[in-house]
């Protein structure tokens, strides 16, 4: 049994249950509603919490039935270094996001992460660093009309 994974899954299941309870009124489409498709505000949060709950139940089951390795959670020095390799770029991302904005900082993070941590070839690292922020830009800025933090280049006329 892996008690830390099991406890984390249980806490996240409880959070998802609260989200599902809070948004249950809008969980099912209402054909009589005055909104397109009959979907109300609670539809997405309810069903995303429900999906998270199902996957967390699978994690909890696997955590309860899989034996914990003898080395512990980090597995020695290499395990700690792997965590540091993940945490340091995230901290740098958060620090530079105020200056570079969400899209530029995210593109740099994705490229570095894909190339150096993921081990992908340069072409795939660059492609993901360009395509994913562009898709996020169009989804949030154009479809949802939700502005995300912009870089200093925004004042120079660029859209990001």
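Evaluate the following for residue 59: is it in contact with a helix residue (DSSP H, G or I) (Cβ under 7 Å, 6 or more places away or on another chain) and closer than 25 Å to residue 1 by Cα? Yes, satisfied.
Only one of the numbered conditions (1) part of a helix (DSSP H, G or I); (2) within 30 Å of residue 6 (Cβ to Cβ); (3) in contact with a helix residue (DSSP H, G or I) (Cβ under 8 Å, 6 or more places away or on another chain); (4) modelled with pLDDT under 90 is not met by residue 154, and that is (2).
Of the residues screened, residue 70 is one that is outside any helix (DSSP H, G or I) and surrounded by fewer than 13 Cβ atoms within 10 Å (Cβ to Cβ).
Close contacts from the stretch 76-96, counting a first residue that is within 19 Å of residue 114 (Cβ to Cβ) and a second that is at pLDDT 90 or above and assigned to a helix (DSSP H, G or I), with Cβ to Cβ under 6 Å and a gap of 6+ residues or different chains, come to 93/105; 93/109; 96/105.
Looking across the stretch 116-126, the residues that are part of a helix (DSSP H, G or I) and in contact with a helix residue (DSSP H, G or I) (Cβ under 9 Å, 6 or more places away or on another chain) come down to 116, 117, 122, 124, 125, 126. Mind listing just one residue for me: the one in the stretch 74-109 that is surrounded by 12 or more Cβ atoms within 10 Å (Cβ to Cβ) and outside any helix (DSSP H, G or I) and, of those, modelled with the highest pLDDT? Checked the stretch 74-109; the qualifying residue modelled with the highest pLDDT is 75.
The values are calculated or read from the model by the stated rules, or taken from the named source; none is laboratory data. If you're wondering where the values come from, they're calculated on a predicted model, not measured in any experiment. Counting neighbours? That spans all protein chains shown, and the Cβs are built from the backbone with ideal geometry, glycine included.
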